[in-house]
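J.: Once you've had a glance at the structure underneath, I'll fire off some questions.
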Amino acid sequence: MMLEEYNAKTTKQTKYPKTTSKTVDEHLFLVLDKNVQGLPWESLPILRGRSISRVPGVQFLLDRLSFAKCKRESAGKLHDPRFGAAVDPRKGYYILNPSKDLGKTEERFRDWAQDMKKAGWGGVIGQALSEQQFINALETQDLVV
């Protein structure tokens, strides 16, 4: 028996038929071990079209739910460092093509880097950083790209 046939039979016989209503906000989280994670579970007929996420474990899912709850509760309040890091968008640093081997990438992002410099970012294009320069960027900037 094919999976599609099985799915058709079980959906007809089930006490709770598959809903097509868009008002139901369902999401399925798959916690898969290493032996079955390579299988395309989302492609099974019974799961097609459903909102699905793969997560590494139940503890990860619980942590994300707790984090979302904290963010909702702290919305509108001053930043509380317990609920995540605040990033100042003006405190960034970019490193573009330090080994000088990505000419097309450098060309593509050069204008972006120049715009970020105008927005207060620091950075280098086409030159390697010393270890100390890299450490300084990590210590003084909120974001290093």
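The values are calculated or read from the model by the stated rules, or taken from the named source; none is laboratory data. All values derive from a computational prediction rather than experimental measurement. Here the Cβ positions follow ideal geometry from the backbone for every residue, glycine too, while neighbour counts run over all protein chains shown.
J.: Could you list, in sequence order, all residues of segment 98-116 that are under 24 Å from Asp88 (Cα atoms) and surrounded by 14 or more Cβ atoms within 10 Å (Cβ to Cβ)?
T.: If the condition is that a residue be under 24 Å from Asp88 (Cα atoms) and surrounded by 14 or more Cβ atoms within 10 Å (Cβ to Cβ), then Phe109, Arg110, Ala113, Met116 are the ones that fit.
Here is a yes/no grid of residues against (1) in a loop (DSSP other than H, G, I, E, B); (2) modelled with pLDDT under 90; (3) closer than 19 Å to Ala137 by Cβ:
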residue	(1), (2), (3)
Leu30	no, no, no
Arg64	no, yes, no
Lys69	no, yes, no
Pro89	yes, yes, yes
Arg108	no, no, no
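J.: In segment 18-28, what residues are among the hydrophobic types (A, V, I, L, M, F, W, C) and either modelled with pLDDT of 90 or more or within 20 Å of the chain's Cα centre (by Cα) (or both)?
T.: Leu28
J.: Quick one: what pairs do we get from segment 44-60, first residue more than 13 Å from Leu32 (Cβ to Cβ) and assigned by TED's automatic domain parsing to the domain that holds Leu30, second surrounded by 14 or more Cβ atoms within 10 Å (Cβ to Cβ) and among the charged types (D, E, K, R), C-beta under 7 Å, 6+ apart or different chains?
T.: Close Cβ pairs satisfying both conditions: none exist.
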